[in-house]
Amino acid sequence: MPSTSSAANHHGTRCAGEVAAKANNFYCGLGVAPGARVSMLKILDGTVIDSMEAMAYNYQHHGNYIYSSSWGPPDSGNFIDGPHVLG
């Protein structure tokens, strides 16, 4: 698994924690699916052709029921924003 200290890995690591964080973890948070198993795929880190992308998504497909693609701006992974004001 890639080092979580790399800035390129913060966003996915944080998202995985939001999904699978276990109860009583001393971080004052609980995932939406506590204890779920998480797989990691990193496919957009350079030139990728369709067949390579298909092989990545097919990897261990029998054990993966949900795929989440996190594509967005840089994210330090240091905090989670609170709820926004409705209005």
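Laid out as a table, the results:
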| read-out | value |
| --- | --- |
| Pairs, first at positive phi in region 38-64, second assigned to a loop (DSSP other than H, G, I, E, B) and of a type in the set (S, T, N, Q), C-beta under 8 Å, six or more apart | 60/39 |
| Search result, residues across region 45-68 that are hydrophobic (A, V, I, L, M, F, W, C) and either part of a helix (DSSP H, G or I) or surrounded by 11 or more Cβ atoms within 10 Å (Cβ to Cβ) (or both) | 48, 52, 54, 55, 56 |
| Checklist (1) modelled with pLDDT of 70 or more; (2) loosely packed, with under 10 Cβ neighbours inside 10 Å applied to residue 84, failing item | (1) |
| Selection within region 15-37 - over 14 Å from residue 69 (Cβ atoms), of a type outside the set (D, E, K, R) and surrounded by 11 or more Cβ atoms within 10 Å (Cβ to Cβ) | 17, 20, 21, 25, 29, 30, 31, 33, 34, 36 |
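The values are calculated or read from the model by the stated rules, or taken from the named source; none is laboratory data. Values in this document were obtained by computation on a predicted structure and should not be read as measured data. Here Cβ is always computed from backbone atoms with ideal geometry, including for glycine, and neighbour counts include all displayed protein chains.
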